[in-house]
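Report on the structure given below.
The values are calculated or read from the model by the stated rules, or taken from the named source; none is laboratory data. These numbers were taken from a predicted model, which means no experiment stands behind them. Positions of Cβ are generated from backbone atoms using ideal geometry, with glycine treated the same way; all protein chains shown enter the neighbour counts. In case anyone asks, the SASA skips ligands and DNA or RNA and just uses the protein heavy atoms, side chains included. Shrake-Rupley method; radii C 1.70, N 1.55, O 1.52, S 1.80 Å.
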Amino acid sequence: MKKIAFFDAKPYDKIYFTPLSEEYGYKIKYFESKLNEDTVSMATGYDAVVAFVNDTLDKEVMNALHRAGITIVAMRCAGYNNVDFEAAYKKIHIVRVPAYSPYAVAEHAVALLQTLNRKIHRAYFRTRDFNFTLNGLTGFDLHGKTVGVIGTGKIGRVFIDICRGFGMKVIAYDPYPTEGIDYVSLEELCQQSDIISLHCPLSKSTHHIINETTLSMMKKGVYLINTSRGALIDSEALVEALKSGQVGGAGLDVYEEETDFFYEDRSGKVILDDILARLMGMPNVLITSHQAFLTHEALENIAQTTMENLDAYFNDKPLVNEICYRCSKFGTCDRKNQNRCF
């Protein structure tokens, strides 16, 4: 029976993974600790590792996993910017879940926008104190507003469909355009949009795509929504733009330095990250803890695809969801070895 080391495990992970592991005939050991240089030794004696978006899979961790005999890491997420593919190449196969539920993430982005705009979170706490005044709760109609969508993959396109249902005008920026969408340059998107929502992966070209320069191009009072990756936004520049009123509101499900905070209970501790503390203290900022994916349907799909990825590896089948150094950096992976990267 193959043994799997499952890092950064949460109670909801066990609900969906445990029945499937029994069905596939694998034994999972759940570790609450995140995978990093200090915890990688716990993978010794296992046949595979399952990791998540805030685990650390840098060169040191990859080398330690290789020494421990690990040859497959299954990311139970779509993102992989935390993986050192160069260090893993020809040593450890990396598989992921490319699509679990675009609806889950897109719908959460809209929920952030609506909550932020109509002050639902503030109204909720106010009425629980039997305060039924409406002062300070004024929002704006979404109908007729221009929303700029950065990234038009599956999630971005679902978000666009929802926005069109509200009667919003949609413009988009993506180096790889799709038919049926009105594309503009990034500069034009910043200048024309009342709302900007991020749905692109994190890469060298998209790191801090929202920065002091692009923020200065935007309409005064623009709303920003980010359910993709935290480092797409320069957090310090965002704080300054919020202080000046250049940004009217921000709905963030991700934060560029979230690893030490998100998915954990930090309610009894002092937050030492001054930027995060400032953002959370602003009335026009709404932060959720990287929960956009968290629906029953998405969790079922994540568990199913992850187990299928592992089963394909152990049974010498093609790894349809594998990605490697040459895939991500050069785009020249030929997958000649049983439709695998190497």
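With a 1.4 Å probe and all protein chains kept in place, how do ARG122, ARG340 rank by accessible area, largest first?
Details: ARG122 90, ARG340 15 Å².
Putting ARG122, ARG340 in descending order of accessible area: ARG122, ARG340.
Exposure check, 1.4 Å probe, all protein chains in place: SER244 carries approximately 70 Å² of accessible surface.
Taking a ≥ b ≥ c as the square roots of the eigenvalues of the Cα gyration tensor of segment 47-201, is the shape rounded (a/c under 1.5), prolate (a/b larger than b/c) or oblate?
Note, shape of segment 47-201 comes out oblate.
The shape of segment 135-234 comes out oblate: with a ≥ b ≥ c from the C-alpha gyration tensor, a/c is at least 1.5 while a/b does not beat b/c. Residue-wise HN-Hα couplings along segment 40-49, as the Karplus relation 6.51 cos²θ - 1.76 cosθ + 1.60 with θ = phi - 60° gives them from phi, are 4, 4, 5, 7, 4, x, 9, 9, 7, 10 Hz; Gly and Pro carry x.
Top mean-square fluctuation among PHE85, PHE125, PHE261, Gaussian network model of the chain, C-alpha springs under 10 Å? Of PHE85, PHE125, PHE261, the Gaussian network model singles out PHE125 as fluctuating most.
Given a 1.4 angstrom probe, I'd like the percentage of the accessible area of the chain that is carbon and sulfur, rounded to a whole number. Show your work: numbers first, answer last.
Working: 8220 of 16530 Å².
The C+S portion of the solvent-accessible surface of the chain is 50 percent.
Remark: relative contact order (the chain) = 16 percent; criterion is Cα-Cα distance under 8 angstrom and separation of 6 or more residues. Within straight-line reach of LYS3, meaning a Cα separation under 21 Å, sit the following lysines at least 8 residues removed in sequence or on another chain: LYS14, LYS27, LYS29, LYS34, LYS91, LYS317. Taking the centroid of alpha carbons for each part, segment 173-219 and segment 84-140 are 19 Å apart.
Each residue of segment 17-31 is assigned a 3J(HN,Hα), and the resulting list reads 7, 4, x, 5, 5, 5, 5, 7, x, 10, 10, 9, 9, 8, 10 Hz, derived from the Karplus form 6.51 cos²θ - 1.76 cosθ + 1.60 (θ = phi - 60°), x at Gly and Pro.
The magnitude of the dipole of the chain, with charges of +1 and -1 set on the Cβ of Lys/Arg and Asp/Glu and taken from the Cα centre, is near 340 debye. Once Rh for the chain is found with the Kirkwood sum over Cα pairs, what is the Stokes-Einstein diffusion coefficient at 10 °C and 1.306 mPa s, in µm²/s? Rounded to a whole number, D works out at 74 µm²/s.
Calculated mean residue ellipticity at 222 nm for the chain: -10000 deg cm²/dmol, from DSSP H runs with n ≥ 4 weighted as -39500 (n - 2.57), summed, divided by the residue count and rounded to 500. Annotation: amide H of LEU286 within the under-5 Å range of ALA250, GLY251, LEU252, sequence separation 5 or more or interchain, hydrogens built in the peptide plane.
Summarising the amide proton neighbourhood of VAL222: residues at separation of 5 or more, or on other chains, whose placed amide H is nearer than 5 Å comprise GLY248. The angle between the Cα long axis of helix 102-118 and the main principal axis of the chain comes to about 30°, on a 0 to 90 degree scale.
Using heavy atoms of the protein chains and a probe of 1.4 Å, the accessible area assigned to GLU297 is about 110 Å².
Write down the percent of antiparallel bridges among all DSSP beta bridges whose residues are both part of the chain, to the nearest 5. Mind dumping the intermediate values first?
Working: 2 of 39 bridges.
Antiparallel bridges: around 5 percent, rounded to the nearest 5.
Scanning residues 5 or more positions from ILE28 or on other chains, those with amide H under 5 Å from its amide H are ILE4, with H placed 1.01 Å from N in the peptide plane. When the alpha carbon gyration tensor of segment 244-342 is reduced to an equivalent ellipsoid, its three semi-axes come out at 39, 18, 13 angstrom, largest first.
Near THR133, once Lys and Arg are set to +1 and Asp and Glu to -1 for all other residues with Cβ below 14 Å from its Cβ, the sum equals +3. Between MET218, MET75, MET282, the residue with the greatest mean-square fluctuation in the GNM of the chain (Cα pairs under 10 Å linked by springs) is MET282.
Run the numbers on segment 59-140 and let me know its relative contact order in percent, using alpha-carbon pairs under 8 Å that are six or more apart. Provide the component values of the computation, followed by the final result.
On the way: 60 pairs, mean separation 20.0, N = 82.
Relative contact order of segment 59-140: 24 percent.
Derived scalar couplings between HN and Hα for segment 247-262 equal 9, x, x, 9, x, 10, 9, 9, 8, 5, 10, 7, 3, 7, 10, 5 Hz in order, rounded to whole Hz, by the Karplus curve 6.51 cos²θ - 1.76 cosθ + 1.60 (θ = phi - 60°), x for Gly and Pro.
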